[in-house]
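Novice: Here you go, one structure.
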Amino acid sequence: MTDTAAPSTAGPSRTQRLVATLRGRGQTPIVPAGNVAGRALTTVIAIMTFLAALTVGAVSLVTDTAGRWQNDISNEITVQVKPADGLDMAQALETVRQIALQTPGVKGATVLDEAATGRLLEPWLGEGVDLQELPVPRLVVVSIDTGDPPNFEFMRQELQEAVPQADLDDHRAWVSRLVTMARTVVFVGVFVLALVIVATTLTVVFATRGAMSGNRHIVEVLHFVGARSSFIAREFERHFLRLGLIGAAAGGAVAIVVFVVLGHLTEANRQTPEADQISALFGSFTIGWTGYVGVLLLVATVAALTALTSRLTVTRHLAEIDMISPVEN
Amino acid sequence: MIRFENVGLRYDMGPEVLRDLTFEIRRQSFQFLTGPSGAGKTSLLRMLFLALRPTRGLITVLGRDVATLSRKDLPSIRRRIGVVFQDFRLLDHMTTYENVALPLRVRGRQEHEYRQDVVDLIKWVGLGERLDALPIVLSGGEKQRAAIARALIDQPDILLADEPTGNVDAPLARRLLRLFLELNRSGTAVVIATHDLGLMEQVDARRLVLADGRLEIYD
Ligand SMILES: Nc1ncnc2c1ncn2[C@@H]1O[C@H](COP(=O)(O)OP(=O)(O)O)[C@@H](O)[C@H]1O
Ligand SMILES: [Mg+2]
């Protein structure tokens, strides 16, 4: 604290000047930089930012994943053929395939063979089940031209006429449910963000009032040396901007580390069946660039919010501290 | 420059500390404000520099009726009044240089413009060696002089000093008194609150004497 702004004759180095500028025009801050309350506030801001960043990450993950699902699913539709007495399954599947291939807008159709069907059912039925002996429905996977999709109603009718046991699933119900779920997650995320921001704001209001009464003697001195309210508010704002930046940057940084680590863990586990399920659902647990940009925006927002809140708080309560208690107007 | 008319002051529900004060502080004048401890010298000074409103009566500071001032008007008036507090009120986390420069910094001046003036003034009050010292390592007399320098740095129209020699030995008190006289010759009105008779004997100046809440003036 004794270092800057000294009218020493030796010129300060470039770095010293830079550091000095960051600390505010090369002069000791009028609101003293460090104290216990300041550290507590920085910690609270860091925690709040961390929670908010996790929320941003989760929301970005869900929206990305939902988008990917939607794309994959609308590339493909499936036709399910249920077993029935007297139905030649192989024949029926081939018929379905042919009808599908003849429908305009279809790019290809494959029968999911017994091995693949077996894998699909493995989690429920266990390994080495002979599908011939079980009345298991079989699937034909139809890939469609998303630019010029087939008329699903027409296709459904055609199939029904040829193979009554065939059931076309264009996944629309699925997709709309997915979209609803994703929207719900986003809505909840925004709500959590709002809560975090309100909590942060309130914390900063109390911290600012605490700092004002803790530095009351300084405010009084500033008053009688002729400082305007705007000057005093600006000094407190600078003080809290610094605390806010440090706290928010720390919280955001930890959140980003968590994202990266989670991404790596799910990546590494990809070989195991459990991780297979997870990555089938979410891809890998990777936050896209929107998530990272979101976290950076969040850090900036929290710091700016901290500064603004303290400025408004100071402006509002300065009258209480002014030595003369004049009629307000 | 400052006029009091029938001014009375009481703290909360207490007795009237000051009663029926009527006097004027003229431009470029020099006066002592005296009276026993507890007579109300500090209270009177606080009304002079707009830290306290009177309970009754009329105070005019630099042509403005204090009762009609709003908070926005206070800074520009306070900037023309230099105050030396009995307890100095230096900011503990700032060096002598920064404390003395504070009024200029608050006025938005650029440091490179005023640095030399501040250093010169600090040397003038004899603290040239203590530019970078924090208040905690300064002696009472040094703090006193830092506080005086801060009050003078923007060449106020009037200087109000509360017991400015209360913390210093006699030789330093004489030096400070000479400093105030020199300041007064250069055009600043000076009010020194003191109960130090020895100090007042050194100068033939106007005396405002407080006793039992009333003021007697010896020109
Ligand atoms: N803030 C205050 N609240 C209540 N009473 C006060 C306050 N300040 C001073 N007084 C009272 O006013 C009287 C004058 O005090 P003061 O102005 O400090 O006298 P002096 O400076 O001459 O010693 C004293 O009786 C003191 O107790
Ligand atoms: Mg006193």
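Novice: So, restricting to helices (runs of 4 or more DSSP H) that lie completely within the range B:69-128, which ones have at least 2 residues that are over 24 Å from B:Met1 (Cβ atoms)?
Specialist: Working: elements: B:74-78, B:96-106, B:111-124.
Per the criteria, B:96-106, B:111-124.
Novice: Can you find a residue that is open to solvent by 70 Å² or more (accessible area, probe 1.4 Å), assigned to a helix (DSSP H, G or I) and aliphatic (A, V, I, L, M) anywhere in the range A:176-187?
Specialist: Scanning the range A:176-187 turns up at least one residue that is open to solvent by 70 Å² or more (accessible area, probe 1.4 Å), assigned to a helix (DSSP H, G or I) and aliphatic (A, V, I, L, M).
Novice: I would also like to ask the following. Looking only at the range B:20-77, count every residue that is more than 11 Å from chain A (Cβ to nearest Cβ), more than 16 Å from ligand 1 (Cβ to nearest atom) and among the polar types (S, T, N, Q) and tell me the total.
Specialist: 4
Novice: With the condition kept exactly as written, say whether any residue in the range A:146-154 is open to solvent by less than 70 Å² (accessible area, probe 1.4 Å), away from chain B (no Cβ under 14 Å) and in a helix (DSSP H, G or I).
Specialist: Scanning the range A:146-154 turns up at least one residue that is open to solvent by less than 70 Å² (accessible area, probe 1.4 Å), away from chain B (no Cβ under 14 Å) and in a helix (DSSP H, G or I).
Novice: Oh, and also: Scan the range B:159-177 for residues that are farther than 26 Å from B:Arg78 by Cβ and open to solvent by 30 Å² or more (accessible area, probe 1.4 Å) and jot them down.
Specialist: If the condition is that a residue be farther than 26 Å from B:Arg78 by Cβ and open to solvent by 30 Å² or more (accessible area, probe 1.4 Å), then B:Asp169, B:Ala170, B:Pro171, B:Arg174, B:Arg175 are the ones that fit.
Novice: Something else now. State whether one or more residues within the range A:201-208 are at negative phi, open to solvent by 10 Å² or more (accessible area, probe 1.4 Å), out of contact with any helix residue (DSSP H, G or I) (no Cβ under 7 Å at 6 or more places or on another chain) and in a helix (DSSP H, G or I). If you could, list the steps in order and put the result at the bottom.
Specialist: Within the range A:201-208, the first condition is being at negative phi, and the residues that meet it are A:201-208.
Then drop every residue that is not open to solvent by 10 Å² or more (accessible area, probe 1.4 Å), which leaves A:201-203, A:205-207.
From what's left, out of contact with any helix residue (DSSP H, G or I) (no Cβ under 7 Å at 6 or more places or on another chain): A:202, A:206.
Now narrow it down to the ones that are in a helix (DSSP H, G or I): A:202, A:206.
Yes, the conditions are met somewhere in the range A:201-208.
Novice: With respect to A:Ala53, is the statement that it is open to solvent by less than 80 Å² (accessible area, probe 1.4 Å), hydrophobic (A, V, I, L, M, F, W, C) and at pLDDT 85 or above true? Reasoning before the result, please.
Specialist: On the way: open to solvent by less than 80 Å² (accessible area, probe 1.4 Å): yes; hydrophobic (A, V, I, L, M, F, W, C): yes; at pLDDT 85 or above: yes.
Yes; evaluated as a whole, the condition is true for this residue.
Novice: Also, quick follow-up: Any residue at all in the range B:144-159 that's within 16 Å of ligand 2 (Cβ to nearest atom), within 14 Å of another protein chain (Cβ to nearest Cβ) and either more than 19 Å from B:Ala205 (Cα to Cα) or in a helix (DSSP H, G or I) (or both)? Walk me through how you get there before you give the answer.
Specialist: First, pick out the residues of the range B:144-159 that are within 16 Å of ligand 2 (Cβ to nearest atom): B:144, B:147.
The next check asks that each one be within 14 Å of another protein chain (Cβ to nearest Cβ); those that pass are B:147.
This time we only want the ones that are either more than 19 Å from B:Ala205 (Cα to Cα) or in a helix (DSSP H, G or I) (or both), so: B:147.
Scanning the range B:144-159 turns up at least one residue that is within 16 Å of ligand 2 (Cβ to nearest atom), within 14 Å of another protein chain (Cβ to nearest Cβ) and either more than 19 Å from B:Ala205 (Cα to Cα) or in a helix (DSSP H, G or I) (or both).
Novice: Which numbered condition trips up B:Leu9, out of (1) within 16 Å of ligand 1 (Cβ to nearest atom); (2) part of a strand (DSSP E or B); (3) more than 14 Å from chain A (Cβ to nearest Cβ); (4) out of contact with any Lys or Arg (no Cβ under 6 Å at 6 or more places or on another chain)?
Specialist: (3)
Novice: Separate question: Can you tell me which residue in the range A:92-130 is most open to solvent (accessible area, probe 1.4 Å), limited to those that are free of Cβ contacts under 8 Å to residues at least 24 places away in the same chain and more than 43 Å from the chain's Cα centre (by Cα)?
Specialist: Among them, the one singled out is A:Gln102.
Novice: For B:Val17, indicate whether it is open to solvent by less than 60 Å² (accessible area, probe 1.4 Å), free of Cβ contacts under 8 Å to residues at least 60 places away in the same chain, outside any loop (DSSP other than H, G, I, E, B) and touching a Lys or Arg at 6+ places or on another chain (Cβ under 7 Å).
Specialist: Working: open to solvent by less than 60 Å² (accessible area, probe 1.4 Å): yes; free of Cβ contacts under 8 Å to residues at least 60 places away in the same chain: no; outside any loop (DSSP other than H, G, I, E, B): yes; touching a Lys or Arg at 6+ places or on another chain (Cβ under 7 Å): yes.
The answer is no for B:Val17.
Novice: To continue, here is another question. Go through the range B:22-53 residue by residue and tally those that are assigned to a strand (DSSP E or B), within 16 Å of ligand 2 (Cβ to nearest atom) and open to solvent by less than 10 Å² (accessible area, probe 1.4 Å). Steps first, answer last, please.
Specialist: Step one: filter the range B:22-53 for residues assigned to a strand (DSSP E or B), giving B:22-25, B:30-34.
After this cut, where a residue has to be within 16 Å of ligand 2 (Cβ to nearest atom) as well, the list is B:32-34.
In the following step, the residues that additionally are open to solvent by less than 10 Å² (accessible area, probe 1.4 Å) were identified as B:32-33.
So the count comes out to 2.
Novice: Among the candidates A:Val293, A:Val254, single out the residue that is away from chain B (no Cβ under 14 Å), open to solvent by 60 Å² or more (accessible area, probe 1.4 Å) and at pLDDT 90 or above. Steps first, please.
Specialist: On the way: A:Val293 fails: at pLDDT 90 or above.
That would be A:Val254, the only listed residue that is away from chain B (no Cβ under 14 Å), open to solvent by 60 Å² or more (accessible area, probe 1.4 Å) and at pLDDT 90 or above.
Novice: Then there is this: So B:Tyr97 fits all but one of (1) within 12 Å of another protein chain (Cβ to nearest Cβ); (2) open to solvent by less than 10 Å² (accessible area, probe 1.4 Å); (3) farther than 21 Å from B:Leu159 by Cβ; what number is the exception?
Specialist: Failed condition: (3).
Novice: Also: Test each condition in (1) more than 16 Å from ligand 1 (Cβ to nearest atom); (2) open to solvent by 10 Å² or more (accessible area, probe 1.4 Å); (3) at pLDDT 90 or above for B:Phe85 and report the one that comes out false.
Specialist: Answer for B:Phe85: the failing condition is (1).
The values are calculated or read from the model by the stated rules, or taken from the named source; none is laboratory data. For clarity, every value in this text was computed on a predicted model and none was experimentally measured. Positions of Cβ are generated from backbone atoms using ideal geometry, with glycine treated the same way; all protein chains shown enter the neighbour counts. The protein model used for the area step is the full one, side chains on, heavy atoms only, and it has no ligands, DNA or RNA in it. Shrake-Rupley method; radii C 1.70, N 1.55, O 1.52, S 1.80 Å.
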